[in-house]
2 protein chains.
Amino acid sequence: MGERATPHLRVDVERLRANVVRAAASAADAGVAIRPHAKTHKSADIARLQLEAGAVGLTVATVGEAEAFADAGCTDLFIAYPLWLTDALAARLGALADGGARLAIGVDSVDGARTTATLLAGSGVEVVVEVDSGHHRSGTDPASAAEVALAASPLGVRGVFTFPGHSYSLDGRASAARDESLALTTARTSLAAAGMSARVVSGGSTPSLEHADASVLTEVRPGVYVLGDAQQWELGAMAPGDIALSAVATVVSHAGGRVVLDAGSKVLGADRAAYATGFGRLLDHPDARIVLLSEHHAVVEMSRPLPALGSRVLVVPNHCCTAVNLADELWPTTGDGPWPVTARGRNT
Amino acid sequence: MGERATPHLRVDVERLRANVVRAAASAADAGVAIRPHAKTHKSADIARLQLEAGAVGLTVATVGEAEAFADAGCTDLFIAYPLWLTDALAARLGALADGGARLAIGVDSVDGARTTATLLAGSGVEVVVEVDSGHHRSGTDPASAAEVALAASPLGVRGVFTFPGHSYSLDGRASAARDESLALTTARTSLAAAGMSARVVSGGSTPSLEHADASVLTEVRPGVYVLGDAQQWELGAMAPGDIALSAVATVVSHAGGRVVLDAGSKVLGADRAAYATGFGRLLDHPDARIVLLSEHHAVVEMSRPLPALGSRVLVVPNHCCTAVNLADELWPTTGDGPWPVTARGRNT
């Protein structure tokens, strides 16, 4: 693990490459395009690996991420988010399109679609209608997709998308994929009834990916699959041997007979889903659990013998997307490092 | 709230200054030094306000924070953390001391103290022994403080410190302050029995601050008091009218009859203590609760009428320290902005 100061984020390049290739091959076999969500890694280096492996473009979450990846030469970008456009945001999107980016953004309401159509008129930016498939976050009712699409139709309407985020549950991965398929079918039918065709029918989350319905979806947008995290491990969606991201941490204390690590919530993130067994896992100590997490301390309960004071361990964050956003650099295990986190903090 | 793109972090300067002055005056009245924890704001601008108001120096959590604040001219720095020193970390600390910084670091074990004493010999860096007062994170048993102090004693030993983090509970603020007083008294007595005096007896967290025992403590190290957050609001330690930090967010969707904001966990942080009623609060809507938080969505349940699509609201993060660490800039309500987050990401 080298003697670089801890905590820092480490990327196992062999695992990363295998994850990229496996998902790309699986999508190709199914005849579905893959447009990985780059919010997970925010890294131009990792994006290039995904594009070289056959990704049709990138998904991003914000205009700032789109700008960062366009600057890095990744120019086919879908902002999978129902942006509420202002003149300033529209100007930034217009500048990206003028610079040669092929862009689409999400819309999930008639009012939002009207504003978008007005402010992006003539820009070349297209839209995709977001529908709710059961996660109950953003997204319109699938049966109402056409109303939103019609309001946006002065612009090019590519189709429909959803995020089946309720796949993040211990027994809900397959059923979320079924919900996704049904919602997207309903949305596509809604558009067809209004005389519009959905060229893009886009879904996919990492936990639901293996169950994605290739008879309905034209595109999947997984993000986390490329790095992995403790959530995927605990959901059974990824094996610990496929997890490519970890925080290298030092044992700084044995206070109270437990292990205290120097990687806290400002490095790992504080995410803790209802199903999580702790605040993160130790890659090489499957029995260990982080039972208390503060900004610079992870308190670990684990079997003895405890790792020695001053020794280093690999911590798997619960959620890789938030961990990466905390770091300025990723340290790959091979080749030249570090990899800058190109779009770190570009959340606006 | 201006038309700066959302989400961004806003600092109410009037409230901030009032918080700084109130805590400084309270410490002065009690005859206790105040050494604010700068991990909360990571901002040289805010640190200068605290020092101008009478703070004796700053507390920080990492060597990286110490470097950032020393570069900004704040040169009396206590790293309140049981660093496990390597040659590289010791060299960085030595360079800071050579540059004129007055430095101390935490130690909480005999082994750690020995390593520290070896690697920092002749550097001028001093140590403070951390004891556990009931939070059960790091810190040695108070009765054993002298063993650690003796092992560190080739260096200057300033005294003892604790963090009564168990004050973060709905009914535990006063009792945590009593635990703090007892633990520090025990630790001070332990040192005295070994012929060492504790010049510094340091404690203090924001929730326990008003109960801090000035007959025992020589110094308090509150952090959050300067900005405030939803945790302090819900603990009853700060009134909403004193909270100086918020995220300006836009209503992007009314999906499902709820409010969806564009400030998610990559702006607010994902902290959610056991006592928290949600993932953050809305400053001007006390009934509102963030019931679902993902990276770029905060789903809010609140009374009607809902804020309009495209309108802006002020979101109070659960934990200001982690929110600030996500941002590159803070936007003050008066004067020239932005304030850079000087030590953002300096968590190593």
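Residues considered: A:Pro82, A:Pro154. Of these, the only one that is in contact with a helix residue (DSSP H, G or I) (Cβ under 9 Å, 6 or more places away or on another chain), at pLDDT 95 or above and more than 14 Å from every other protein chain (Cβ to nearest Cβ) is A:Pro154. Which residues, taken from the stretch A:107-142, are charged (D, E, K, R) and at the interface with chain B (Cβ under 10 Å from one of its Cβ atoms)? Scanning the stretch A:107-142 gives A:Asp108, A:Asp111, A:Glu130, A:Asp132, A:Arg137, A:Asp141.
Applying the criterion of being part of a loop (DSSP other than H, G, I, E, B), surrounded by fewer than 18 Cβ atoms within 10 Å (Cβ to Cβ) and touching a residue at least 12 places away in the same chain (Cβ under 8 Å) to the residues of the stretch B:3-53, the residue that is farthest from the other protein chains (Cβ to nearest Cβ) is B:Gly31. Taking the stretch A:55-147 as the region of interest, the strands (runs of 3 or more DSSP E) fully inside it that hold 2 or more residues being more than 27 Å from A:Tyr168 (Cβ to Cβ) and either in contact with a Cys (Cβ under 7 Å, 6 or more places away or on another chain) or in contact (Cβ under 8 Å) with a residue 12 or more places away in the chain (or both) are A:102-107.
Which of the residues that make up the stretch A:148-159 are touching a Lys or Arg at 6+ places or on another chain (Cβ under 7 Å), over 22 Å from A:Glu67 (Cα atoms) and either basic (Lys, Arg) or assigned to a helix (DSSP H, G or I) (or both)? Before you say what the answer is, go through the steps one by one.
Residues of the stretch A:148-159 touching a Lys or Arg at 6+ places or on another chain (Cβ under 7 Å): A:151, A:158-159.
Next, only the ones that are over 22 Å from A:Glu67 (Cα atoms) stay: A:151, A:159.
Within the stretch A:148-159, A:Ala151 is the sole residue that qualifies.
Of the residues that make up the stretch A:64-75, is at least one surrounded by fewer than 20 Cβ atoms within 10 Å (Cβ to Cβ) and of a type in the set (S, T, N, Q)? Looking for residues that are surrounded by fewer than 20 Cβ atoms within 10 Å (Cβ to Cβ) and of a type in the set (S, T, N, Q), one finds at least one in the stretch A:64-75, hence yes.
Applying the selection to the stretch A:339-348, what residues are part of a loop (DSSP other than H, G, I, E, B) and farther than 16 Å from B:Gly269 by Cβ? Write out each step before concluding.
Here is the first cut: in the stretch A:339-348, the residues part of a loop (DSSP other than H, G, I, E, B) are A:341-348.
Hits for the stretch A:339-348 are A:Val341, A:Thr342, A:Ala343, A:Arg346.
Considering only residues of the stretch B:214-228 that are in a loop (DSSP other than H, G, I, E, B) and touching a strand residue (DSSP E or B) at 6+ places or on another chain (Cβ under 7 Å), which is surrounded by the fewest Cβ atoms within 10 Å (Cβ to Cβ)? Checking each candidate, the answer is B:Val216. Restricting A:Ala230, A:Ala244 to those that are in contact with a His (Cβ under 9 Å, 6 or more places away or on another chain) and not acidic (Asp, Glu) reduces the list to A:Ala230.
Only residues that are within 14 Å of A:Ala90 (Cβ to Cβ), buried (at least 22 other Cβ atoms within 10 Å of the Cβ) and either in contact with an Asp or Glu (Cβ under 8 Å, 6 or more places away or on another chain) or modelled with pLDDT under 95 (or both) were counted in the stretch A:108-149, giving 0.
Within the stretch A:158-180, the set of residues being without any contact (Cβ under 8 Å) to a residue 40 or more places away in the chain and crowded, with 23+ Cβ neighbours inside 10 Å comprises just one member, A:Ala177. Tell me yes or no: at least one residue of the stretch B:206-213 is assigned to a loop (DSSP other than H, G, I, E, B) and of a type in the set (A, V, I, L, M). Yes, the conditions are met somewhere in the stretch B:206-213.
Hey, does the stretch B:184-206 have a residue that's small (Gly, Ala, Ser), under 14 Å from B:Ala80 (Cβ atoms) and within 14 Å of another protein chain (Cβ to nearest Cβ)?
Within the stretch B:184-206, the first condition is being small (Gly, Ala, Ser), and the residues that meet it are B:187, B:190, B:192-195, B:197-198, B:202-205.
Narrowing the set further to residues that are under 14 Å from B:Ala80 (Cβ atoms) leaves B:202-205.
Within this subset, residues satisfying the condition of being within 14 Å of another protein chain (Cβ to nearest Cβ) are B:205.
Yes: the stretch B:184-206 contains one or more residues that are small (Gly, Ala, Ser), under 14 Å from B:Ala80 (Cβ atoms) and within 14 Å of another protein chain (Cβ to nearest Cβ).
Scanning the stretch A:211-236 for residues that are touching a Leu at 6+ places or on another chain (Cβ under 8 Å) and among the aliphatic types (A, V, I, L, M), we see that the one that is farthest from A:Val313 (Cα to Cα) is A:Val216. Every residue in the stretch B:85-106 that is within 14 Å of chain A (Cβ to nearest Cβ) and basic (Lys, Arg), please. Of everything in the stretch B:85-106, just one residue is within 14 Å of chain A (Cβ to nearest Cβ) and basic (Lys, Arg), namely B:Arg92.
The values are calculated or read from the model by the stated rules, or taken from the named source; none is laboratory data. Just so we're clear, the structure is a prediction, and the values are computed from it rather than from any experiment. Cβ coordinates were reconstructed from backbone atoms using ideal geometry, including for glycine residues, and neighbour counts include every protein chain displayed.
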